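Quick notes on the structure that follows.
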Amino acid sequence: MHKKIIKDIFIRDKESESLQEELKTMEKTKKSLMFKFLIITVAAVIIASAGFVMLNKVSLATVEITPYQEIVEIDSRIIAVGSSDKGYDGLVFETVNADADDTKTIVATGFSADGEKANGKITVYNKYSSNSLRLIANTRFETPEGKIYRIKNPVTVPGMGSVEVTVYADGAGSAYNIGLTDFTIPGLKDTPMYKDIYARSKTEITGGSDGNTRIVKSDDIEKARAEAKTSVNRALASVLMSKKPEGYVFLNDAMKIDYVESSNNPKAGSGSDKATFKIKGLAAGFLFNNESLSNELVEDNKRSSRKPIGDSGDVYIANLEDLEFKVLSYDETDGKLRFSVKGDALVVWNVDEDMVKSDLTKAKKNNYNDIFQKYANIEKANIILSPSWWKKIPKDKNHIEIKQIIGGVDNSNGSASIDE
């Protein structure tokens, strides 16, 4: 064979083998790329699915709901009984007690040209007999210095006992102001009782003044009494409020208060530039369960509502403590409390939050408004999603928080929106 032909055949064979190898390599590369693409696609789908599941688990939704609410004018007379009355099926109350005191300084505004008589307290002792002894009005008591003081009213000293009385100086003047001392009874002198029936100071005797001095007027006392009662009432309300348990309302203006004034308080006409006025208040406060009181008031006033109210439990009063409560009477014998309630009550219609959450987890993004319109008691709703770019409500209702907006009375048509 010709040498050139042999060479050509050899070269063609070589090129053919090389082309086949190249085609095989390209096929392998193509399969490898397709496999890698498939792996990447599957991984991306898995990652996206996992991310979607994860986002559903960590995403949150806050739903701001404005329930239907309106102002209803309340004007009721209510009867309630103490919680200890187990046979009563109406409104009941709990009683809490508190005490507080206050002292006011009286600046005397009166004026006397005759002077004032001193007074103070003494203890009279009967060591003479086991029989009681009656001392008549104006009985005299004498100090070792010879100053005379008298009692204004009769008093009985028990046998082998004692009694506390107030004595008044026999005359006006500062000379009758004395410290603690002993007293004898001149009327018993020259009798066996003189030594064993006697008196000792309980307090200093003060208040005596000479002519042209200041005296306490009745107006001065009334002013101090009014100011002291105001301070005591404020303190009592604060103490009672601190004792209020969760879920109860304390009727701030419905306290029963008994006042006790100090026996040492000045009397009108007593001589002193300044004097102290002391008073103590003992209060019984009335506590009501929020739900029970709200139901009672709603039932009594539901005809005043624009929107029909069926069961009073369907609504509640959000501002109970803003209403005006006044005790009309409290009979401790039968335990009945009668009180009035007036004012503008903010009546709010209840929304079943758990049911709303359940419906939202099943909803599609575009029909949230339809969900809220199913609830006649919802006026407005706004959905806030977290993270903000995630536009789907969580499937887990535990990740949904509902906040009710109370106080903005705006009875417009119901609607929902999502914060972008």
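In sequence order, what are the phi-derived ³J(HN,Hα) couplings for the stretch 210-226 according to the Karplus relation 6.51 cos²θ - 1.76 cosθ + 1.60 with θ = phi - 60°, rounded to whole Hz, with x for glycine and proline?
7, x, 6, 10, 6, 10, 7, 8, 4, 5, 5, 5, 5, 5, 5, 4, 5
Grab the Cα-Cα distance for GLU204 and ASP190, subtract it from 0.36 nm times how many residues apart they are, and report the gain in nm with one decimal.
2.2 nm
Name the residues whose placed amide hydrogens come within less than 5 Å of the amide hydrogen of VAL315, ignoring near sequence neighbours (fewer than 5 apart) on the same chain.
HN-HN under 5 Å from VAL315: ASN350.
Name the residues whose placed amide hydrogens come within less than 5 Å of the amide hydrogen of TYR198, ignoring near sequence neighbours (fewer than 5 apart) on the same chain.
TYR125, LYS127
With a cut-off of 20 Å, note down the residues of the stretch 280-294 whose backbone N falls inside the zone around a label point 7 Å from the Cα of TYR88 toward its beta carbon.
283-294
So who's got an amide H within less than 5 Å of the one on TYR248, skipping anything under 5 residues away but keeping other chains? H placed 1.01 Å off N, in plane.
Here the answer is ASN290, since their amide H atoms fall under 5 Å of that of TYR248.
Could you sort 201-214, 89-102 so that the peptide with the highest average Cβ count within 10 Å comes first and the rest follow in order?
Output ranking for 201-214, 89-102: 201-214, 89-102.
What ³J(HN,Hα) values, in whole Hz, does the Karplus curve 6.51 cos²θ - 1.76 cosθ + 1.60 give for the stretch 273-287 when θ = phi - 60°, with x put for Gly and Pro?
Taking θ as phi minus 60°, the curve returns 5, 9, 8, 10, 10, 10, 9, 10, x, 10, 10, 10, x, 10, 10 Hz for the stretch 273-287.
Looking at the square roots a ≥ b ≥ c of the eigenvalues of the Cα gyration tensor of the stretch 117-208, which shape do they give, rounded for a/c under 1.5, prolate if a/b is larger than b/c, or oblate?
Prolate.
Applying 1/(1 + (r/R0)^6) with R0 = 25 Å to the Cβ-Cβ distance of ASN177 and SER218, what FRET efficiency is obtained, to the nearest 0.05?
0.60
Computed FRET efficiency, Cβ-Cβ of LYS392 and ASP300, R0 60 Å: what is it to the nearest 0.05?
0.80
Can you give the FRET efficiency to the nearest 0.05 for ASP75 and ASP314, using r as the Cβ-Cβ distance and R₀ = 30 Å?
Between ASP75 and ASP314 the formula returns 0.90.
Within a 10 angstrom radius of the beta carbon, how do ILE78, ILE393 rank from fewest other beta carbons to most?
Ascending Cβ contact count within 10 Å gives the list ILE78, ILE393.
What list of ³J(HN,Hα) values in whole Hz, one per residue of the stretch 391-407 in order, does the Karplus curve 6.51 cos²θ - 1.76 cosθ + 1.60 (θ = phi - 60°) give from phi, with Gly and Pro shown as x?
Whole-Hz 3J(HN,Hα) from phi for the stretch 391-407: 9, 10, 6, x, 7, 8, 5, 5, 8, 10, 10, 10, 10, 8, 9, 10, x.
For the stretch 220-252 and the stretch 303-340, write down the distance between their C-alpha centroids in whole Å.
Spelled out, the Cα-based centre of one part sits 22 Å from the other.
Using 14 Å as the cut-off for backbone N distance, which residues of the stretch 69-109 belong to the label zone defined by a point 7 Å from the Cα of ASP331 along Cα→Cβ?
79-82
Rank the residues LEU297, LEU323 as a footprinting-exposure proxy: fewest other Cβ atoms within 10 Å of their Cβ go first.
LEU323, LEU297
In straight Cα distance, which aspartates and glutamates are under 20 Å from LYS256, not counting same-chain residues fewer than 8 positions off?
Excluding near neighbours in sequence, the set is ASP85, GLU94, ASP99, ASP101, ASP102, GLU227, GLU321, ASP322, GLU324, ASP331, GLU332, ASP334.
Which links in LYS104/LYS229; LYS364/LYS397; LYS307/LYS362 stretch past 19 Å when you go from one Cα to the other?
Over 19 Å Cα-Cα: LYS307/LYS362.
Read-outs throughout are calculated quantities, based only on the coordinates presented, and are distinct from any laboratory measurement. Values in this document were obtained by computation on a predicted structure and should not be read as measured data. FYI the Cβ positions are ideal-geometry reconstructions off the backbone, even for glycines, and counts take in every protein chain you see.
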